[in-house]
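Take a look at the structure set out below.
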There are 2 protein chains.
Amino acid sequence: MILKGNLIFTREAGRLTVLPRGGLVLDDSGVILDVLASVPDRPEGQVVCDCGDRMILQSFSDMHLHAPQYPMLGMGMDLPLLDWLKTYTFRTEARFSDTEYARRVYRALAAELIANGTTRVLMFSSLHTDATIILMEELERAGVTGLVGKVNMDRNGGENYEETTEESKRETLRWLEGCEGFRRVRPALTPRFTPCCTDELMAWLGKLAEERGLPVQSHLSENRGEVELVRGLHPDCAQYWETYAKYGLWNGSTAMAHCVLSDRRERAAIRDAGVLAVHCADSNLNLCSGVAPVRTMLREGVRVALGSDIAGGAQLAMNQVITMSIRASKMRRMQENWETDFLTVAEGYYLGTTAGERFFGAGGGFAVGDALHAIVVDDSTLPEPARSLTLTERFERAIYLMRPEQITAVYSGGRRVK
Amino acid sequence: MILKGNLIFTREAGRLTVLPRGGLVLDDSGVILDVLASVPDRPEGQVVCDCGDRMILQSFSDMHLHAPQYPMLGMGMDLPLLDWLKTYTFRTEARFSDTEYARRVYRALAAELIANGTTRVLMFSSLHTDATIILMEELERAGVTGLVGKVNMDRNGGENYEETTEESKRETLRWLEGCEGFRRVRPALTPRFTPCCTDELMAWLGKLAEERGLPVQSHLSENRGEVELVRGLHPDCAQYWETYAKYGLWNGSTAMAHCVLSDRRERAAIRDAGVLAVHCADSNLNLCSGVAPVRTMLREGVRVALGSDIAGGAQLAMNQVITMSIRASKMRRMQENWETDFLTVAEGYYLGTTAGERFFGAGGGFAVGDALHAIVVDDSTLPEPARSLTLTERFERAIYLMRPEQITAVYSGGRRVK
């Protein structure tokens, strides 16, 4: 099969490839065999699926979000991080002991992810094993791929929302057994963050990650109060990242959300270990955490991707997350007396797609050998332009304006899911 | 008629009135006669229109936007203001010499305003008289009320986008004649901004405003380059605002967009004259202009309202403009070392509704004697919450999340328009 249309993809931050009326040659299981700059009128032995004048873009990778916070999207953003967790968040997550409620909410979340063109996620669940399995089922059913983690937290939780260290270990093992049947959604170990995990639990998780070759996700240097708390809990560690590193939770299969306050030394540790820093601009604004130095990180060679971080972030649609990251980078530019650059739309697109794809082992950017992850965008319903637009202009405004209405098809893991 | 439902309105910044199952008593022309905290089951001689569990909110007032920039929404935001105007904006506006194109675009814009619950506007047109009349027709047809201005600009325009001083005067008078038949959309004099208007034109407009009692809208202190340019053009004026004041364009019927760089002295001049400062957070971020000191302005007693400022702003929906203003205020808080407050959702709602209503002479906030401007919001399609929410919580998340799908009815000037 050849999927034909206006192809726009990125394999390097800031570099956009635009192939008007190009084509993606796919095998029967939806793996990309070739990328064509032009498609012959009647290609021999191949079916052409012609998208006409529509754009074929990479689908999005949301590299940090909390599924059980979906019910509180757009609420309670008047507190700094640690108070926000205790007042709103842990209470909401505790509700997912109810598996029927979990089923309904996670089904709606998975559908909304696909409707908005997000086909890959690196996602936190709650601490509930059963609800986590349900979440994985609903993601697979809808066509979302990626990694999900049952949360570990054996201290500093909320009322009815904490495990003992023993429970945490036992439930983690039970959850991993339950994961065996899954193909497109796989487990990632998920210590909530250092303040919520005892040293014993962290050490056990680090050992488990190594034994089973499991990826790890957590939070790092999001907020001042949090960083101070960690310093008090780990006086032996000069910096926050070392509280993960000393337990074996710090390598190229690790993703750390936020890194707002990571200084030069911490950023070097992130880069040197190949850890993925996940920038969550909307959340960091809403909770008054700050703006991560994304431009500087990219220049220094740190791997960066984007996360919606719902419900600290109030936007699930990754194209909105991309434009919010651009706005945040402009803020940072203004803070720095207009001396630094802002993120371009092409760079934002790279961070919201390819950067995440590569964490999952894909080549990224419609690479040959990758299963197809793509969206088809019909921008003919956006405002009528004043002159005919270039494809790059059409792409740029789609990133700013598109809604599920404009996303007419979604491909995930090689198959069509919308 | 009584419109019954969960009423939420604001008459003072930061103070929200919530009347569960309250009612608005309306006369035959849709003017509010009374606000009821509870509605009798069978009120004598009155028809009840029951919105059930839906929320009845004030509709929005967009106090600064450029209608002919609608075609470039979400595009070309990689340049600072003055370059952005020359490179993208003037060229797009020039297209509105074509009246058929104007008709199509303005019809779509008016429909999108109503779909998003914006029923009052203070709006810039282009410099074209005919297209401006068409814009006013399309707004009235859709149910949008407010003020529209044919733009005056007799210097520093773009290719094919400038008038001579004589043309500008003549066309302004022709446009005002054409406005005579309009009831719900009225004219506002609209010198683009000081860099685009000669002293002769400014003096003539000031005189015209006084003679005919016309309101005035323009731009003030948006961007550094602009402020420097104005200083060069008017060496006799110590500050930008004086270039308007000296020609009689500075009083309680004047609205000035942006005021990002207005210092204490300029803010005092705004306050003392009763000028309305229109905050356009999204635009000011996109073009790297800065963040206006809204909190400080409010504390000092300056009148402030909000504008989408499309297409410097990339969001037409005023609830999104409100939440972007909240985000911008959080940025400003972070810039100021977390020492200042951010805007609350209740304050943002006030700025996006009542503050604008009052510029149009209404009491604002469902005041008795005002024609009804309201939206009915069905939040039952938003994510299922983890527990039953208070009306204030439901309101807050509707402001963050609602889309046209959630706005099931819109009332404007006393009549239902959606």
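The values are calculated or read from the model by the stated rules, or taken from the named source; none is laboratory data. This structure is a prediction, so every number in the text was calculated from the model and none was measured. Methodologically, a virtual Cβ is constructed for each residue, glycine included, from the backbone with ideal geometry; neighbour enumeration extends over all protein chains shown. Please note that ligands, DNA and RNA were not included when accessible areas were found on the heavy atoms of the full protein model with its side chains. Shrake-Rupley method; radii C 1.70, N 1.55, O 1.52, S 1.80 Å.
Every residue in the stretch B:302-331 that is touching a Gly at 6+ places or on another chain (Cβ under 6 Å) and either under 19 Å from A:Asn319 (Cα atoms) or not polar (S, T, N, Q) (or both), please. Passing the criteria: B:Ala305, B:Leu306, B:Ala314, B:Met318, B:Ile322, B:Ile326.
When we screen B:Gly348, B:Gly363 for residues that are at pLDDT 95 or above and within 26 Å of B:Arg183 (Cα to Cα), the only hit is B:Gly363. Is there a residue being under 30 Å from B:Asn286 (Cα atoms), out of contact with any strand residue (DSSP E or B) (no Cβ under 7 Å at 6 or more places or on another chain) and within 14 Å of chain A (Cβ to nearest Cβ) anywhere in the stretch B:8-30? Yes, because at least one residue in the stretch B:8-30 is under 30 Å from B:Asn286 (Cα atoms), out of contact with any strand residue (DSSP E or B) (no Cβ under 7 Å at 6 or more places or on another chain) and within 14 Å of chain A (Cβ to nearest Cβ).
For the stretch A:343-397, how many residues are touching a residue at least 60 places away in the same chain (Cβ under 8 Å), within 12 Å of chain B (Cβ to nearest Cβ) and more than 11 Å from B:Met75 (Cβ to Cβ)? Adding up the residues that qualify gives 4. Here A:Gly363, A:Gly348 are screened, and the one residue that is under 26 Å from A:Ala37 (Cα atoms) and either charged (D, E, K, R) or open to solvent by 10 Å² or more (accessible area, probe 1.4 Å) (or both) is A:Gly363. Of all residues in the stretch B:60-103, those satisfying the criterion of being more than 19 Å from the chain's Cα centre (by Cα) and closer than 19 Å to B:Ile133 by Cα are B:Thr92, B:Glu93, B:Ala94, B:Arg95, B:Phe96, B:Ser97, B:Asp98, B:Thr99, B:Glu100, B:Tyr101, B:Ala102, B:Arg103. A single entry from B:Arg271, B:Arg295 fulfils the requirement of being part of a helix (DSSP H, G or I), open to solvent by 30 Å² or more (accessible area, probe 1.4 Å), in contact with a helix residue (DSSP H, G or I) (Cβ under 7 Å, 6 or more places away or on another chain) and within 14 Å of chain A (Cβ to nearest Cβ): B:Arg295. Residues that are open to solvent by 10 Å² or more (accessible area, probe 1.4 Å) and part of a helix (DSSP H, G or I) were ranked within the stretch A:245-268; the one that is farthest from the other protein chains (Cβ to nearest Cβ) is A:Ala245.
Here the strands (runs of 3 or more DSSP E) wholly within the stretch A:1-110 that include at least 1 residues being within 30 Å of A:Gly290 (Cα to Cα) are A:2-12, A:15-26, A:48-58, A:60-66. Taking B:Met324, is it at negative phi and more than 10 Å from chain A (Cβ to nearest Cβ)? So B:Met324 fails the test. Among residues of the stretch B:13-36 being without any contact (Cβ under 8 Å) to a residue 60 or more places away in the chain and surrounded by 14 or more Cβ atoms within 10 Å (Cβ to Cβ), the one that is nearest to B:Leu372 (Cα to Cα) is B:Val25.
Of all the criteria given as (1) within 18 Å of B:Arg332 (Cβ to Cβ); (2) open to solvent by less than 40 Å² (accessible area, probe 1.4 Å), the one not satisfied by A:Trp338 is (2). All of (1) in a helix (DSSP H, G or I); (2) within 13 Å of chain B (Cβ to nearest Cβ) hold for A:Thr340 with one exception: (1). Does the stretch A:88-107 contain at least one residue that is away from chain B (no Cβ under 14 Å) and either closer than 23 Å to B:Leu401 by Cα or modelled with pLDDT under 95 (or both)? No, there is no match, as no residue in the stretch A:88-107 is away from chain B (no Cβ under 14 Å) and either closer than 23 Å to B:Leu401 by Cα or modelled with pLDDT under 95 (or both).
If I filter the stretch B:37-67 down to residues being modelled with pLDDT under 90 and in contact with a strand residue (DSSP E or B) (Cβ under 8 Å, 6 or more places away or on another chain), which single residue comes out as most open to solvent (accessible area, probe 1.4 Å)?
Looking only at the stretch B:37-67, we keep the residues that are modelled with pLDDT under 90, and these are B:40-46.
Narrowing the set further to residues that are in contact with a strand residue (DSSP E or B) (Cβ under 8 Å, 6 or more places away or on another chain) leaves B:43, B:46.
Values: B:Pro43: 20, B:Gln46: 72 Å².
The qualifying residue most open to solvent (accessible area, probe 1.4 Å) is B:Gln46.
Regarding A:Thr381, is this residue open to solvent by 20 Å² or more (accessible area, probe 1.4 Å), out of contact with any helix residue (DSSP H, G or I) (no Cβ under 6 Å at 6 or more places or on another chain), more than 30 Å from B:Arg107 (Cα to Cα) and among the hydroxyl-bearing types (Ser, Thr, Tyr)? The answer is no for A:Thr381. When residues in the stretch B:402-418 are screened for being buried (at least 16 other Cβ atoms within 10 Å of the Cβ) and either among the hydroxyl-bearing types (Ser, Thr, Tyr) or in a strand (DSSP E or B) (or both), 5 of them pass. Which condition number in (1) in contact with a strand residue (DSSP E or B) (Cβ under 8 Å, 6 or more places away or on another chain); (2) closer than 21 Å to B:Ser218 by Cβ is the one that B:Glu167 fails? Result: B:Glu167 passes all but (1).
Residue check: is A:Gly313 within 14 Å of chain B (Cβ to nearest Cβ), at pLDDT 95 or above and open to solvent by less than 10 Å² (accessible area, probe 1.4 Å)? Taking the combined requirement at face value, the residue satisfies it.
Basic (Lys, Arg), in the same structural domain as B:Asp199 (by TED's automatic domain parsing) and open to solvent by 10 Å² or more (accessible area, probe 1.4 Å), is that true of B:Arg358? When the stated conditions are applied, B:Arg358 does not pass them.
Annotation: of all residues in the stretch B:68-83 being more than 9 Å from chain A (Cβ to nearest Cβ), touching a Leu at 6+ places or on another chain (Cβ under 8 Å) and open to solvent by 10 Å² or more (accessible area, probe 1.4 Å), the one that is farthest from A:Val345 (Cα to Cα) is B:Leu82. Whenever a residue of the stretch A:278-292 is facing chain B (nearest Cβ under 9 Å), its partners that are β-branched (Val, Ile, Thr), lying with C-beta atoms within less than 6 angstrom and at least six residues away or across chains, give the pairs A:Ser289/A:Val260; A:Gly290/A:Val260. Within 12 Å of chain A (Cβ to nearest Cβ) and either without any contact (Cβ under 8 Å) to a residue 40 or more places away in the chain or under 18 Å from B:Asp62 (Cβ atoms) (or both): does that describe B:Arg333? So B:Arg333 passes the test. Restricting A:Tyr101, A:Tyr88 to residues that are free of Cβ contacts under 8 Å to residues at least 12 places away in the same chain and either over 22 Å from A:Val410 (Cα atoms) or surrounded by fewer than 24 Cβ atoms within 10 Å (Cβ to Cβ) (or both) narrows the list to A:Tyr101. Filtering A:Gly157, A:Gly225, A:Gly146 for residues that are of a type in the set (Gly, Ala, Ser) and under 23 Å from the mean Cα position of the chain (by Cα) leaves a single hit, A:Gly146.
Return the residues of the stretch B:35-76 that are of a type in the set (A, V, I, L, M) and within 29 Å of B:Arg358 (Cα to Cα); say none if nothing qualifies. The answer is B:Val35, B:Leu36, B:Ala37, B:Val39, B:Val48, B:Met55, B:Ile56, B:Leu57, B:Met63, B:Leu65, B:Ala67, B:Leu73.
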